Structure formats: C-alpha cells, structure tokens
1. May I ask you to verify whether residue 7 is outside the structural domain of residue 78 (by TED's automatic domain parsing) and in a loop (DSSP other than H, G, I, E, B)?
2. Check 29, 52 and return the single one that is surrounded by 12 or more Cβ atoms within 10 Å (Cβ to Cβ), of a type in the set (A, V, I, L, M) and farther than 17 Å from residue 1 by Cβ.
3. List pairs: first residue in the stretch 58-75 and under 12 Å from residue 43 (Cα atoms), second residue among the acidic types (Asp, Glu) anywhere in the structure, Cβ distance under 8 angstrom, at least six positions apart or on different chains.
4. Restricting to the stretch 1-58, count the residues that are closer than 17 Å to residue 74 by Cα and acidic (Asp, Glu).
5. Out of the residues in the stretch 23-60 that are among the small types (Gly, Ala, Ser) and part of a helix (DSSP H, G or I), state the one that is modelled with the lowest pLDDT.
6. Which residues, counting only those in the stretch 76-91, are among the β-branched types (Val, Ile, Thr) and closer than 23 Å to residue 46 by Cβ?
7. Scan the stretch 12-32 for residues that are in contact (Cβ under 8 Å) with a residue 12 or more places away in the chain and under 21 Å from residue 82 (Cβ atoms) and report the count.
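The values are calculated or read from the model by the stated rules, or taken from the named source; none is laboratory data. These numbers come from a predicted model, not from an experiment. Cβ atoms come from the backbone with ideal geometry, glycine included; neighbour counts cover every protein chain shown.
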Amino acid sequence: MLAQWPVHEPAPTDYWISDLPADTPLKTLVRLAKMRWRIEHDYRELETGLGLDHFAGRSFNGFHRHLTLGVAEQLFITRKRLTTPKVQAVA
C-alpha cells in the first residue's frame, strides 16, 4: 500500500494498493500511481478537444477511422508538448 500524506494535512489524502513485487522501488510505485492523472487528462482531451465524442456513424469501419485519427492527433499534441521548450513569462 502506498499513501500520500502532505506535510500540511492532518492525515493521508490518497491511497494506492499494488500487487507489484515487494522489492519494487518507491520511485517506480509513485510514478505508476500518479500516472492515472495523465491518463484521465489525455482521455478528456481526446473526448472534448479532439472530438472523440462527436462520432455519429453506424459502422465499425467509420468508428475505427474516427478513433484512429483522434489517437493520431493525440500523439501529435503529446509529442509537441514534450519536445517544444516552455516559454517562461517575464514579469
């Protein structure tokens, strides 16, 4: 079991249960536990920003094409986000 207990909180705020081997490094456990946020964010972006929820066709082939293009767009956006340097605002 993994628990997140921020310093300013009176009790742990999040818990994760894992069936990974006991010798799994803590860093790996934390990375995998926090990955859920990224997955949920990407799905929300696919659904709302890239139109995954706009499919109104009736065939599997049409749905498959729609889904494939949406995932390709997501890949492009993710690669752009990871390779483009962030611009820092100057106050």
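1. Numbers: outside the structural domain of residue 78 (by TED's automatic domain parsing): yes; in a loop (DSSP other than H, G, I, E, B): yes.
Yes, satisfied.
2. Numbers: 29 fails: farther than 17 Å from residue 1 by Cβ.
Exactly one of 29, 52 is surrounded by 12 or more Cβ atoms within 10 Å (Cβ to Cβ), of a type in the set (A, V, I, L, M) and farther than 17 Å from residue 1 by Cβ, namely 52.
3. Here the result reads 74/42; 74/45, each pair linking the stretch 58-75 to a residue that is among the acidic types (Asp, Glu).
4. 5
5. In the first step, residues of the stretch 23-60 are kept if they are among the small types (Gly, Ala, Ser); the result is 33, 49, 51, 56-57, 59.
If we keep only those that are part of a helix (DSSP H, G or I) as well, we get 33, 49.
Working: 33: 88, 49: 84.
Residue satisfying both the conditions and the ranking: 49.
6. Once the filter is applied, which keeps residues that are among the β-branched types (Val, Ile, Thr) and closer than 23 Å to residue 46 by Cβ, the stretch 76-91 yields 77, 78, 83, 84.
7. Going through the stretch 12-32 one residue at a time, the tally reaches 2.
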